[in-house]
1. Please specify each residue of region 174-199 satisfying the condition of being surrounded by 12 or more Cβ atoms within 10 Å (Cβ to Cβ) and of a type in the set (Asp, Glu).
2. Looking only at region 207-239, how many residues end up being within 23 Å of the chain's Cα centre (by Cα) and among the aromatic types (Phe, Trp, Tyr)?
3. Could you please find all residues in region 204-260 being among the basic types (Lys, Arg) and at pLDDT below 90?
Amino acid sequence: MSLTAVKNVVDLTLRSAVLRGLLAGLIAGLLAGGVAYVTGESLVDQAISIEEAGAAPHSHDSTVAGEDHKHGTEDSPLISRDGQRAGLFLATSLTGGAFGVLLAVVWFALTRKLVNGPKTQTILSLAVAGWTATAAVPWLLVPPNPPAVGATETIDYRTHLWVIAVLLGLTAVITWFMVCRWEESRPGSSILLKALPGLAAAAIVIVGWRILPESGTDYSGFPADLLWNFRLASAATQLTLWLALGIAFQFLIERRAMRN
């Protein structure tokens with residue numbers, strides 16, 4: 001990057017960064033919605049068919065990257081499937097926009113402390129950290145469930161478990177960052193010191209997994225392949241969201257920096 005481009009990045013205002021983060025998030029949300037639609041909607045339809053056939057007697061909720069399928073009475077859903085499909089793209093776009101703003105604020109705050117101002121190289125690292133905290137760790141500790149899995153009366157309980165899992169993910173990421181800073185300040189560079197940040201973060205996730213209560217979800221009578229395919233679709237959606245967010249935000253920041 002040229003000296004002019006570096007100066008343009010340094011002079012970037014918080015408002016400008018946030019606007020670019022919002023735009024990047026909306027783009028990423030639409031892409032994630034497309035992945036969720038292609039990989040997950042047919043699985044949702046299959047799960048609903050199982051529920052309607054009486055194979056699983058519980059009302060439920062399901063989530064693929066923020067999409068909620070909530071059923072009302074036994075005969076009719078509160079929201080039609082067409083409405084749910086349209087709501088999927090709205091939900092992923094809003095989620096992407098919110099994460100984009102958050103990413104922009106965190107990036108701006110952190111990189112302002114660097115000697116030469118904001119560094120675009122940190123954007124993808126922050127996106128990976130966001131994915132780890134809000135998607136990867138919760139996916140491991142409280143995996144998402146499709147329709148026909150989980151009773152309605154346990155929704156609040158499972159939501160609380162998910163929030164705890166996100167907090168554990170954030171704690172793991174912050175711990176990794178702090179230990180990295182500490183390791184960089186230490187003389188020498190032994191293999192153990194280099195591995196310490198990852199080990200500390202992994203230890204937090206493992207301890208959280210061990211102490212986090214069971215969700216009490218009954219999976220009996222539900223096809224295992226459908227369950228795991230749904231979870232893989234959810235993971236692919238979240239990965240697309242954060243990867244696209246990081247790439248789009250970095251592109252928009254660098255494009256602004258290279259202007260003139």
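1. Glu183
2. Selection size over region 207-239: 3.
3. Listed by number, the residues that qualify are Arg255, Arg256, Arg259.
The values are calculated or read from the model by the stated rules, or taken from the named source; none is laboratory data. Source: prediction; values computed, not measured. Quick reminder, even Gly has a Cβ in these numbers, built from the backbone with ideal geometry, and neighbours come from all protein chains shown.
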